[in-house]
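*Asks:* Next up is a structure, given as structure tokens.
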Amino acid sequence: MRSVNIKEVIDALERFAPLPLQEDYDNAGLQVGLTEVEVSGALLCLDITEKIISEAIERKCNLIVAHHPLIFRKLAQVSDKDYVQRIVMQAIKHDITIVAMHTNLDAARGGVNYKMAEKLNLSEVRFFGKRKFVQDGNRSIEGGEGVIGTLPEPMSAEAFIGKLKSTFQAACVQTNELLKRDIKTVALCGGSGAFLLQNAISEKADAFITGEMHYHDFFGQDQEIQLCAIGHYESEQYTSEILRNIIEKECKGVRCYITQRNTNPILYF
């Protein structure tokens, strides 16, 4: 079987979710390291922590693909001052390349929001909110801020919230007053998606799911829409499955590992 270099893996990921789909504030793409080297293994994760770097070294992976960028703001120095700088130093020391697929993967068809919809068995899934179109050669690729779809069967609000907890392994779900009607149409946006609430209402969704919402977002929507904040990590935890599927399909022979570390920094007691 032929060898695959890191650039080929990055190219495959960016064909699926082109970088121009990312938001202006974002820093998706190559973060640290070289690309014209053979992939020894790819470690896939949501966040990059020092434990993730250690796992990559243990597994002999010279590529880490994460959802959240390690380097989000300009580095004024590279020292041992904070965990970001320490990770950069460790990655360089051990010849590990770090890549992030963030809001471009959120926006992509088949990306983070589509994966959430898949886990809930939603059908007739489509984008809602602002759309973005980018050209990739002869292809015009559509992206969107959130997705909306239909449950297989209507569910009571209480049963629906129970399904969210079990599906996303959520310790709790922040919600408003329970709807007195069944839930059938569901709008969702992984991570920090509160900005799409009014769009979800305009789409006549029965429920809106996201990772986190502000306190005041929960006011004024009683019996209009069921709000469900399930946790940022919880909403995006299945992103590594998307990355693995892309790499295994497009870069055959590359060893892929979904991290065994839970990188959620928020604990519930």
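*Asks:* List every residue whose amide H lies under 5 Å from the amide H of Gln31, counting only residues 5 or more places away in sequence or on a different chain, with H placed 1.01 Å from N in the peptide plane.
*Replies:* When sequence neighbours closer than 5 places are left aside, the close amide H contacts are Ile98, Val99, Ala100.
*Asks:* Let me ask another. What FRET efficiency comes out for Ile92 versus Cys172 if R0 is 51 angstrom and r is the Cβ-Cβ distance? Round to the nearest 0.05. Present the calculation step by step, with values, prior to reporting the outcome.
*Replies:* Values: r = 40 Å, r/R0 = 0.78.
According to the calculation, E is roughly 0.80.
*Asks:* Another question, then. For Phe128, what residues show an amide H to amide H distance below 5 Å, using hydrogens built from the backbone and excluding near sequence neighbours?
*Replies:* Result for Phe128 returns Glu145, Gly146, Val147, Ile148.
*Asks:* Right, another one. Around Asp136, which amide H atoms from residues at least 5 apart in sequence, or from another chain, sit under 5 Å from its own amide H, with H modelled in the peptide plane?
*Replies:* Ile141
*Asks:* Further, regarding this structure: At 7 Å along Cα-to-Cβ for each site, give me the label-to-label distance between Gln135 and Asp80 in nm.
*Replies:* If labels sit at Gln135 and Asp80, their model points lie 5.1 nm apart.
*Asks:* Next up: Using a Förster radius of 30 Å, what is the FRET efficiency between Ala12 and Ser123 based on their Cβ-Cβ separation? Nearest 0.05, please.
*Replies:* Values: r = 28 Å, r/R0 = 0.93.
Efficiency for this residue pair is about 0.60.
*Asks:* Just order 190-199, 112-121 by mean Cβ neighbour count inside 10 Å, highest at the front, would you? Spell out each step's value before the answer.
*Replies:* Numbers: 190-199: 19.8, 112-121: 21.7.
Top to bottom by mean Cβ count within 10 Å: 112-121, 190-199.
*Asks:* Could you pull out the pairs from Lys74/Lys249; Lys7/Lys165; Lys119/Lys249; Lys74/Lys252; Lys60/Lys249 whose alpha carbons sit more than 31 Å apart here? The partial results should precede the final answer.
*Replies:* On the way: Lys74/Lys249 34 Å; Lys7/Lys165 38 Å; Lys119/Lys249 21 Å; Lys74/Lys252 35 Å; Lys60/Lys249 21 Å.
Exceeds cut-off: Lys74/Lys249; Lys7/Lys165; Lys74/Lys252.
*Asks:* Still on this structure: Using just the helices of the chain, give the 222 nm mean residue ellipticity in deg cm²/dmol: DSSP H runs with n ≥ 4 each add -39,500 (n - 2.57), and the total is spread over all residues, rounded to 500.
*Replies:* Details: 9 runs with 78 residues, N = 269.
Here the helix-only value at 222 nm equals -8000 deg cm²/dmol.
*Asks:* Write down the accessible area per residue of the chain in Å², having rolled a 1.4 Å probe over the full set of protein chains.
*Replies:* Details: 13240 Å² over 269 residues.
About 49 Å² of surface per residue is accessible.
*Asks:* Using a Gaussian network model of the chain whose springs link C-alpha atoms within less than 10 Å, name the residue from Arg73, Arg86, Arg181 with the highest mean-square fluctuation.
*Replies:* Arg73
*Asks:* Select from Met155, Val134, Ala171 the residue farthest towards the positive end of the dipole of the stretch 110-173; place +1 on Cβ of Lys and Arg, -1 on Cβ of Asp and Glu, and compute about the Cα centre.
*Replies:* Comparing the listed Cα positions along the dipole, Val134 ranks first.
*Asks:* Ok, one more. Let me make sure I get this right: for the stretch 1-84, a, b and c are the square roots of the gyration tensor eigenvalues over alpha carbons, sorted descending. Under 1.5 in a/c it's rounded, otherwise prolate if a/b > b/c, else oblate. Which is it? Numbers along the way, then the final one.
*Replies:* Values: a/c = 1.91, a/b = 1.13, b/c = 1.69.
Judged from the Cα gyration tensor, the stretch 1-84 comes out oblate (a/c at least 1.5, b/c at or above a/b).
*Asks:* If you find the alpha carbon centre of the stretch 185-213 and of the stretch 108-183, how far apart are they in angstrom?
*Replies:* Taking the Cα centre of each part, the stretch 185-213 and the stretch 108-183 sit 8 Å apart.
*Asks:* Quick one: which of 241-254, 58-71 comes out on top by average Cβ neighbours within 10 Å, and what's the full order, highest first? Before the final figure, lay out each step's value.
*Replies:* Details: 241-254: 17.3, 58-71: 20.9.
So the peptides 241-254, 58-71, ranked by packing, come out 58-71, 241-254.
*Asks:* I need the calculated FRET efficiency for the pair Ser54 and Asn27, taking r as the beta carbon distance and R₀ as 30 Å, to the nearest 0.05.
*Replies:* Values: r = 24 Å, r/R0 = 0.79.
Efficiency, from the Cβ-Cβ distance: 0.80.
The values are calculated or read from the model by the stated rules, or taken from the named source; none is laboratory data. All values derive from a computational prediction rather than experimental measurement. In this analysis, Cβ positions are derived from the backbone assuming ideal geometry, glycine residues included, and neighbour counts consider all displayed protein chains. Note: areas computed on protein heavy atoms with side chains; ligands, DNA, RNA excluded. Shrake-Rupley method; radii C 1.70, N 1.55, O 1.52, S 1.80 Å.
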